[in-house]
Amino acid sequence: MRCGCILILVAFALIGIGYQEAVEGAKFRKPVVISYDQIKKALPEEGLYTIEGAEYEVDEAVYSIITSKVVADADYIEDSKKGSITEAYLPLHKVGEEADLEPGKKASLSSIVLKTKDPEIISLLTQLRQLEGKGTAETESWAKRNVNKLSVARMLTGMIRPSSSTTTDDGKAINQIQRELANNYMVIEEGNIPSVGGGFLKLGGGIVAGVLALLLLLGRFMGEKKPPVIQV
């Protein structure tokens, strides 16, 4: 019974995800190139984009770990080295903005947050977690070795969605970001490029899982149905 119920949940999830991906894949066939300045002036509609002229600071990242605990910094939790980082969230800003920022001046509001599973970002954040409790000299040495990786400007491609459509877990993570965000900020899901084919594959997988679930449940029901006892 338990396996059948799990398969039903899997089926519904795959069908829902597959349907959404197929629809978005058909609607957004090619990413629209947009600059960070354009986003600051007027937020784009939900869709597939490539952002130019944006930069992020790794030390501003928040992340989620496999235990589903959301942290902003190693200092925010008692045991920061448990679990593995699965995703990172980084506020974006205009290229060169941090370098040009005058001492004591507040950074501008970020209009868009990067959600990513980029291996290099995940690796850097994992190393930062491991530095918790280490001496100042070791931390500074690590920072010097990785200085060119901590502030990065590159093109980012993925689905851009309004903050109102983010999941509960995403919202909890993003709320931990220290940089102030615009009230109507958006999120770019790096690497999320919807495909019609991929959507139909997930739909097919969901249908197969649903059929298997029904067969399992039917088999169990028939097995429990005992033949009547004939008394002589």
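Numbers below:
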{"read-out": "Listed pairs Lys40/Lys202; Lys115/Lys144; Lys40/Lys134; Lys94/Lys172; Lys94/Lys134 exceeding 31 Å between Cα atoms", "value": "Lys40/Lys202; Lys40/Lys134; Lys94/Lys134"}
{"read-out": "Label-point gap, in nm, between Ser195 and Ala137 - each point 7 angstrom along Cα→Cβ", "value": "5.1 nm"}
{"read-out": "Cα→Cβ-extended label distance, 7 Å offset, between Gln38 and Arg154, nm", "value": "2.2 nm"}
{"read-out": "Loop GluC sites (Glu not before Pro), the range 111-148, which have at most 14 other Cβ atoms in a 10 Å radius of their Cβ (DSSP)", "value": "Glu132"}
{"read-out": "Loop sites in the range 118-147: trypsin sites (Lys or Arg not before Pro), DSSP, at most 14 other Cβ within 10 Å", "value": "Lys134"}
{"read-out": "Coil-residue GluC sites (Glu not before Pro) of the range 153-193, DSSP, other Cβ within 10 Å capped at 13", "value": "Glu180"}
{"read-out": "Linear extension gain, Arg220 paired with Thr168, 0.36 nm per residue minus alpha-carbon span", "value": "15.1 nm"}
{"read-out": "Under 15 Å from the Asn146 label point (7 Å along Cα→beta-carbon), backbone N, the range 152-181", "value": "152"}
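Any read-out appearing in this document is the output of simple, stated calculations on the displayed coordinates, not a laboratory observation. All values derive from a computational prediction rather than experimental measurement. Every residue, glycine among them, receives a Cβ derived from its backbone with ideal geometry; neighbour counts consider all protein chains shown.
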